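Asks: Sharing a structure below in structure tokens format, with a few things to ask.
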Amino acid sequence: MKTLTVFSALLAVTAAKKCIVKSDAAVASEAEEVTAELTAPEDSGVESGEDDELLDLSTIDYGDDVDMSTVKKLPADFKWGAATAAYQVEGAWDEEGRGESVWDHFTHLYPKNVESGDRSKDFSTNGNIACDSYHKFDEDVKMLKLMNAKYYRFSISWPRLFPDGQARKVDGKWNVNEKGAEYYDMVINTLLKNDIVPFVTLYHWDLPYALHEKYGGWLDYHSQDDFAKYAEFCFERFGDRVKNWITINEPWVNCVSGYRLGPGKAPYRCTGEAPRKLQNSTDLDLEGGCSYEIGPTQYSKNSEPLPANRVPQKLEDVWCSHNILLGHAKAVKVYREKFQKKQKGLIGITVDGEAQIPWVEPGMTKKEYENNLKYANLAAEFRIGWYSDPPMVGDYPKSVKERMGKDLPEFTEEEKKILKGSSSDFLGWNTYTAHWAAQAKNEDGSYIQPPTAEEANFDNSKKDMWDDNCKGRGDGWTCIPPTLGSQAGSSWNTKFAPTIRVGLNWFSKRYEGLIKNGIVITENGCAQPNYKVARANDEVTKKYFESIGQPKYADTYKEEDIEREDNLEGTLMHDTYRIDWYDQYLKNLRLAYAVDNIDVRGYMAWSLLDNFEWENGYETRFGMTYIDFYNDKEMKRVPKDSLEHLGQWYLENVEQN
Ligand code: GAL
């Protein structure tokens, strides 16, 4: 029997479904057709009579057993580089006129919510100093050179430019903090001098705290215009030299983690659920994790005004997402109307989201597998399409609208118009890990039925659709084995490299013909396994992958591969786990390009430097460059093995002119 790779199987189901819904979609545009075809979860596409036929496990293949010498290289103009973000690396949090961001405010207020092995230093739980890139940017450039980076993705700190968050131009003059703007002039000019192209993110989560206090930040519709004005300043000031703009980094994480899941991310709102992620840690300030400190807010022009200092409200993440997507669209509109023609740059959004891998197990019927494939599409629409459909096709996926019902705000016709195509220059995707997808079952083995449109809301829509993150999720974020690949250095992060290829195929098919300059992987990487993550799952994971005939994806690692802060000469500097991560993911990227003909145009490794990893602090190290944050006042940059390894990878896998 023909072997089906997971990504081609996903597409096969998509194609099968296309026929099923053809009549509905016949008059729709190609983009609308794609949306429509993915919204009919009731029909598995499997012929009746096949119900009990067992799935032949040898037909499942994750597709990367390929001799790479037979595969074409990435093109010479491939955008190759590394990424960082302002709050995670800059430091200088109160220098030269910078305003406070929500991250400054909340890390200072709730230091216990940030992990740290050394609480004796007051900078160990915040970005006050971070990598001190504000003063040491020249050193960062040296590291970029070691990896042969042609691009550098960094973000601009909105409160460094506009401490109160509100950019205004009066009599031709902006109310900018000039010192802040000069810093970014220096960064951009230094990069260009070094033949490195700046790839600039306008918003990487560091909202000016003043806007949170004034109107609840992204919860209020005024944030859309304030963001667009700030963006306009950046285009005007830096656009003569910056030709690659990302509006928003990861709207899902910003909104769902920041406004729903509790103490994980600023502004630490949580919508009534028990704060989950860190609940097993004993020394966290969980009370403070659900912040009531917030300004009076109006979600949209037609919403009821909400009072200041209220308890978190249901659907805050949904309204944050709505406003941030519109903020993105308005910024793009400004760029297109006032700058793009002259400056000739590209602009797009970066979404995050795990590709969805259909759950497979021995003894499963073909029908059950097909059903999981279908749920993988549906789960991807919720997890990713929610954020990528609006900037591509102008609206939320039909499935999300149906299942969310009245809980989902609607875009007006005018808004749809500015959203549609607002990321058609390129689409940025941050990819790290993968999720299993399966339709959840009741205890008696029957499927949990999708809710009807009337009863749909975010909670029960999600429940029936996928097994989030691992094979399931217990209380909190602890993975229930088997995890999808080995456990890397963050609780949410497992190593399963085919995810990048599955995801690229998913985007490419869904938005066929709509993305002019391809997909750019704007982040990918890992923290090495460290003392903070539990490995209880290893054995189960190994046995599971053996049972489906895919032992290599269990990818267990040895005890000595676990990073130890006091063992520089160990895997801290000789980061073999990370090297293997990059090798595997990049191989899958190259296969997506060369074998699947996916238009993927760039790859930015996360991250250039060890840095402030948000609520995980400084000992979850994603960097290819080591920094001894607590003891070295000079913050010396020391390249790890992976940095030069990537430099070599570039020479061997990308066409050299
Ligand atoms: C991304 C985020 C980065 C970085 C990375 C690793 O979600 O954009 O800022 O923290 O994850 O966790």
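Asks: Pairs only if they're at least six apart or on different chains, beta carbon under 6 angstrom, first in the stretch 604-617 and more than 11 Å from A527 (Cα to Cα) and modelled with pLDDT of 95 or more, second within 10 Å of the ligand (Cβ to nearest atom) and in a loop (DSSP other than H, G, I, E, B); list them, first residue then second.
Replies: Pairs found: A605/G525; L608/T84.
Asks: Would you point out which residue out of Y152, Y183 is crowded, with 19+ Cβ neighbours inside 10 Å, part of a helix (DSSP H, G or I) and at pLDDT 95 or above?
Replies: None of the others qualify; the one that does is Y183.
Asks: Turning to a different aspect of this structure: For G472, which of the numbered conditions (1) modelled with pLDDT of 90 or more; (2) under 27 Å from Y582 (Cα atoms) fails to hold?
Replies: (1)
Asks: Given the criterion closer than 30 Å to W649 by Cα and among the aliphatic types (A, V, I, L, M), identify the matching residue among L161, L144.
Replies: Only one candidate qualifies: L144.
Asks: Does Y582 meet the test of being within 16 Å of the ligand (Cβ to nearest atom), hydroxyl-bearing (S, T, Y) and in a helix (DSSP H, G or I)?
Replies: yes
Asks: Could you please tell me which pairs satisfy a Cβ distance under 8 Å, a separation of 6+ or placement on different chains, a first residue in the stretch 153-172 that is closer than 11 Å to R98 by Cα, and a second residue that is part of a loop (DSSP other than H, G, I, E, B) and acidic (D, E)?
Replies: That search, which allows pairs on different chains as well, returns S157/E90; S157/D206; W158/D206; P159/E100; P159/D206; R160/E90; P163/E100.
Asks: So, in the stretch 592-629, of the ones that are surrounded by 23 or more Cβ atoms within 10 Å (Cβ to Cβ) and among the aliphatic types (A, V, I, L, M), which residue ends up nearest to D561 (Cα to Cα)?
Replies: Among residues in the stretch 592-629 that are surrounded by 23 or more Cβ atoms within 10 Å (Cβ to Cβ) and among the aliphatic types (A, V, I, L, M), the one nearest to D561 (Cα to Cα) is M624.
Asks: Does the stretch 65-100 hold any residues that are among the small types (G, A, S) and either over 17 Å from N653 (Cα atoms) or surrounded by 14 or more Cβ atoms within 10 Å (Cβ to Cβ) (or both), and which are they?
Replies: G81, A82, A83, A85, A86, G91, A92, G97, G99
Asks: Looking at the structure I just gave you, is F507 touching a Pro at 6+ places or on another chain (Cβ under 6 Å), at pLDDT 90 or above and not in a loop (DSSP other than H, G, I, E, B)?
Replies: no
Asks: Among the residues of the stretch 226-257, how many are within 21 Å of K169 (Cα to Cα) and part of a helix (DSSP H, G or I)?
Replies: So the answer is 13.
Residues are listed down the side, and each one gets a yes or a no for (1) within 30 Å of K516 (Cβ to Cβ); (2) at pLDDT 95 or above; (3) charged (D, E, K, R):
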{"residue": "A534", "(1), (2), (3)": "no, no, no"}
{"residue": "K542", "(1), (2), (3)": "no, no, yes"}
{"residue": "I579", "(1), (2), (3)": "no, yes, no"}
{"residue": "Y593", "(1), (2), (3)": "yes, yes, no"}
{"residue": "I598", "(1), (2), (3)": "yes, yes, no"}
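Asks: Since Y650 meets every condition but one in (1) within 16 Å of the ligand (Cβ to nearest atom); (2) assigned to a helix (DSSP H, G or I); (3) modelled with pLDDT of 95 or more, which condition does it not meet?
Replies: Evaluating Y650 over (1) within 16 Å of the ligand (Cβ to nearest atom); (2) assigned to a helix (DSSP H, G or I); (3) modelled with pLDDT of 95 or more leaves (1) as the failure.
Asks: So, one more: Being of a type in the set (G, A, S) and either in contact with a His (Cβ under 9 Å, 6 or more places away or on another chain) or within 12 Å of the ligand (Cβ to nearest atom) (or both) is the filter here; which residues of the stretch 511-527 pass it?
Replies: Listed by number, the residues that qualify are G525, A527.
Asks: Filter the stretch 401-445 for residues that are part of a loop (DSSP other than H, G, I, E, B) and either within 16 Å of the ligand (Cβ to nearest atom) or at pLDDT below 95 (or both) and give the result.
Replies: Result: L408, T431, Y432, T433, A438, Q439, A440, N442, E443, D444, G445.
Asks: Out of the stretch 47-76, which residues are charged (D, E, K, R) and in contact (Cβ under 8 Å) with a residue 24 or more places away in the chain?
Replies: E50, D51, D52, E53, D56, D61, D64, K72, K73
Asks: K374 versus (1) part of a helix (DSSP H, G or I); (2) in contact with a Phe, Trp or Tyr (Cβ under 9 Å, 6 or more places away or on another chain): which is the lone unmet condition?
Replies: Evaluating K374 over (1) part of a helix (DSSP H, G or I); (2) in contact with a Phe, Trp or Tyr (Cβ under 9 Å, 6 or more places away or on another chain) leaves (2) as the failure.
Asks: Of all residues in the stretch 77-124 being within 15 Å of the ligand (Cβ to nearest atom) and assigned to a loop (DSSP other than H, G, I, E, B), which is nearest to S257 (Cα to Cα)?
Replies: V114
Asks: Follow-up question, since we're still on this one. In the stretch 116-149, what residues are surrounded by fewer than 18 Cβ atoms within 10 Å (Cβ to Cβ) and of a type in the set (D, E)?
Replies: Within the stretch 116-149, D118, D122, D138 qualify.
Asks: Suppose we keep only residues that are polar (S, T, N, Q) and over 16 Å from M68 (Cβ atoms) within the stretch 586-634. Which one would you say is farthest from the ligand (Cβ to nearest atom)?
Replies: N597
Asks: May I pose another question? Of everything in the stretch 242-265 that's among the charged types (D, E, K, R) and more than 16 Å from F106 (Cα to Cα), which residue is nearest to the ligand (Cβ to nearest atom)?
Replies: The extreme case among them is E250.
Asks: Which of (1) assigned to a helix (DSSP H, G or I); (2) within 18 Å of D140 (Cβ to Cβ) does Y593 not meet, given it meets every other one?
Replies: (2)
Asks: Within the stretch 282-305, take every residue that is at pLDDT below 80 and of a type outside the set (S, T, N, Q) and give me the one that is surrounded by the fewest Cβ atoms within 10 Å (Cβ to Cβ).
Replies: D283
Asks: Contact list please: Cβ distance under 6 Å, first residue in the stretch 201-215 and within 11 Å of the ligand (Cβ to nearest atom), second residue assigned to a loop (DSSP other than H, G, I, E, B), pairs at least six apart or on different chains.
Replies: Filtered contacts from the stretch 201-215: H204/A85; D206/S157.
Asks: Just the residues that are farther than 18 Å from R241 by Cα and among the β-branched types (V, I, T), please, taken from the stretch 335-371.
Replies: Listed by number, the residues that qualify are I349, T350, V351, I357, V360, T365.
The values are calculated or read from the model by the stated rules, or taken from the named source; none is laboratory data. Nothing here was measured: the structure is a model prediction, and the numbers come from that model. Don't worry about glycine lacking a Cβ; one is built from the backbone with ideal geometry, like all the others, and counts go over all protein chains shown.
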